[in-house]
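Worksheet: one structure, shown below.
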Amino acid sequence: MKKLPFTLFTVLCFMPLWAQTDGYNADKTSYTTTLQHTPYSSESASSSAQTVQVTNAEPVIVRSAAKAKFQCDIDLSGSIRGGRITADNTFGYASTGSLPEGGAGLDIKLGARTTGMAFVGIGIGAHSDFMQGTLKYNINRQIIRVPATFYEWKLPIYFNTRMYIPTTSSTIFPFLEASVGGYVLLKDELKFDFTDMPGYSCTETWHNDSKGGFYLQLGGGCEFNRFTTALGWRLFADRGTSFSYGYLSVGVRL
């Protein structure tokens, strides 16, 4: 009889453990436990089952954005200005009057996108300039027409900076840009055809003795994905003489 109270006491102590079943399931992805509610709980005395999902979460790696990245812009452009060809020789003074003067250009700019809103780099280009007209001489009350042609090739080398204007779009970026540097005069020619001039059947060719000068470009445009378009103003200056052009360009960003 003395063993009966001890046996009852042991059964009462281990009853909560017999009422609990817990453990992982077969594929080790969830853990299930069934607990009897204690008298101190304000919930129902009925048993409940809780399943806690166990996931093998991988660590999240946060990489800081690069502060600068390489950028290359290739632009094709066309430029135009009002010009004229004049001649003052033994036949007198003659002028073609106002003519359109201009040409095409190719520019390559290499640099770094220092932030999402700025680009700084250097550029090199090849720009052409053409003009053609007719000089009119009045000789013995006879109008003599003298064809005149002009061409020029220039190589600008410059620093370029571009500032992008913030927008809500992730693909369209308006910008303002400036280029400052110099240019090298590669080749030029001014030719007069006097073959119809009485007693003076020949041609004359002239060349500029300048080697280059100052170059400046100011403009603005828009970048759409990797394509750009821009317009603005260009200046070529040499020894007190300057020539201003309006330009329009299209390009691609690499």
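Tabulate in residue order the Karplus-calculated ³J(HN,Hα) for the range 72-78, using 6.51 cos²θ - 1.76 cosθ + 1.60 with θ = phi - 60°, rounded to whole Hz; enter x for Gly and Pro.
Couplings: 10, 10, 10, 10, 10, 9, x Hz.
Please list, ordered by chain and number, the residues whose modelled amide H lies under 5 Å from the amide H of residue 200; skip anything fewer than 5 residues away on the same chain.
HN-HN under 5 Å from residue 200: empty list.
Tally Lys and Arg at +1 and Asp and Glu at -1 over the other residues with C-beta under 15 Å from the C-beta of residue 97: what net charge comes out? Write out the running numbers ahead of the final one.
Numbers: positive: 81, 84, 136, 145; negative: 101.
Summing Lys and Arg as +1 and Asp and Glu as -1 gives +3.
Pop the C-beta distance of residue 200 and residue 163 into the FRET formula with R0 = 35 Å and round what comes out to the nearest 0.05.
So, using R0 = 35 Å, E works out to roughly 0.05.
Among the listed pairs 69/211; 109/211; 109/187, give every one whose C-alpha distance is greater than 26 Å.
Violating the 26 Å Cα-Cα cut-off are 69/211.
Could you give the length gained on full extension between residue 118 and residue 242, defined as 0.36 nm per residue of separation minus the Cα-Cα distance, in nm?
Between residue 118 and residue 242, full extension yields 41.6 nm more.
Efficiency by 1/(1 + (r/R0)^6): what FRET value for residue 141 and residue 86, r their Cβ-Cβ distance, R0 = 25 Å, to the nearest 0.05?
Efficiency, from the Cβ-Cβ distance: 0.65.
Counting only other residues whose beta carbon sits under 15 Å from that of residue 162, what net charge do I get with K and R as +1, D and E as -1?
Spelling it out: positives minus negatives among the neighbours equals 0.
Show the residues, 5+ positions off or on another chain, whose built amide H is closer than 5 Å to the amide H of residue 223.
When sequence neighbours closer than 5 places are left aside, the close amide H contacts are 173, 175.
Pull up all non-local amide H partners of residue 83: gap of 5 or more, or a different chain, and H-to-H distance under 5 Å with H placed in the peptide plane.
Counting only residues 5 or more places away or on other chains, the set is 99, 101.
HN-Hα J couplings of the range 244-254 from phi, Karplus 6.51/-1.76/1.60, θ = phi - 60°, integer Hz, Gly and Pro as x?
9, 10, x, 9, 9, 9, 10, x, 9, 9, 9
Residue 117: accessible area at probe 1.4 Å, nearest 10 Å²?
Its accessible surface works out to 60 Å², give or take rounding.
Around residue 73, with a cut-off of 11 angstrom between Cβ atoms, what is the net charge of the other residues, counting Lys and Arg +1 and Asp and Glu -1? Walk me through the numbers before you get to the answer.
Values: positive: 109, 113, 162, 226, 253; negative: 75, 107, 177, 223.
Taking every other residue near residue 73 into account, the sum is +1.
Just to check I understand the Karplus step: with θ = phi - 60° and J = 6.51 cos²θ - 1.76 cosθ + 1.60, what whole-Hz values come out for the range 161-169, glycine and proline as x?
Going residue by residue, I get 9, 9, 10, 8, 8, x, 9, 7, 7 Hz, with x marking Gly and Pro.
The values are calculated or read from the model by the stated rules, or taken from the named source; none is laboratory data. In this text the structure is predicted, and so the values were computed from the model without any measurement. Ideal geometry is used to build each Cβ from the backbone, glycine not excepted, and the neighbour counts take in all protein chains shown. For the accessible areas, the whole protein counts, side chains as well, though only heavy atoms, and no ligand, DNA or RNA atoms are used. Shrake-Rupley method; radii C 1.70, N 1.55, O 1.52, S 1.80 Å.
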